[in-house]
Amino acid sequence: MARRKIVAGNWKMNKTPSEAVALVEELKPLVASEDVDVVFCVPAIDIIPVVEACKGTNIQVGAENMYFEESGAYTGEISPAMLTDAGIKYVVLGHSERREYFAETNETVNKKMLKAFEHGITPIMCCGETLEQREQGVTMDFIRQQVKVGFMGVTADQAKASVIAYEPIWAIGTGKTATTEQAEEVCAGIRACIAEIYDEATAEAIRIQYGGSVNAGNAAELFAQADIDGGLVGGASLKADFGKIVNYK
Ligand code: PGA
């Protein structure tokens, strides 16, 4: 069975609530698609107005982070129940920017993964190597570690429904996209790792995105690869180009 493509925008720390609604209104007609799951992952404060603005469209809304406790004394954090109550379906977990600037680790990502499933939120778990790791030839070792720890305790059924985003750190926001061969090689390696942890059926079902300078010009070739099931898109998700990426064919 063919996997359905999923194209998600990662807005990062961009757009105030009113700007967010304006962007949704601009993109709505452009991202209409029958064949692709479309997700806008937006800053926490934009979630409520964006969910409202996306009502009646094919757009699902995601968060960019979430905490792994239910509630309590965690000043500044957002709980999974807050997200689901606001209409969130997806959450980006372990983005490299969160790992780098906010001390996210494979272990905290794992706790968040388990919590997301408990609340019926689909995680988009990010992984990816630095340029140094690529040059030293340890890309796959590093990513296998991220995937194996990230999925600890996750059942096969939960894994089947999840999304992994492969984002080489050196390709994020740099305009330097991985070559199609590099992206496909790692995405296939991640699928093989999932087959080792679970089984072939789980590996066949899980969706693996490529992220890192995806744009209207390179999306079609990247998404045509056997193991690339769509993209996680940063910069280009904030402009009309995102419509072209969703409708890449
Ligand atoms: P980019 O970001 O498309 O701007 O490279 C991708 C991401 O960080 O998810």
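Here, each number is a calculation from the coordinates, and none is a lab measurement. Every value quoted in this text rests on a predicted model; they were computed, and no experiment measured them.
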(message) Once the cut-off is 29 Å, how many percent of the Cα-Cα pairs in region 5-246 end up in the long-distance tail?
(response) 22
(message) Give me the extension gain from E135 to A220: residue separation times 0.36 nm, minus the current Cα-Cα distance, reported in nm with one decimal.
(response) 27.9 nm
(request) Over region 5-246, calculate the relative contact order: mean separation of alpha carbon pairs under 8 Å at least 6 apart, over the residue count, as a percent. (result) 21
(request) Please give the contour-minus-distance gain from R4 to E52: 0.36 nm per residue of separation, less the Cα-Cα distance, rounded to one decimal in nm. (result) 14.8 nm
(request) Please give the contour-minus-distance gain from A188 to I45: 0.36 nm per residue of separation, less the Cα-Cα distance, rounded to one decimal in nm. (result) 47.9 nm
(message) For a 24 Å ceiling on Cα separation, which of these pairs sit above it: K28/K249; K15/K160; K176/K244; K55/K115; K15/K249?
(response) K15/K160; K55/K115; K15/K249
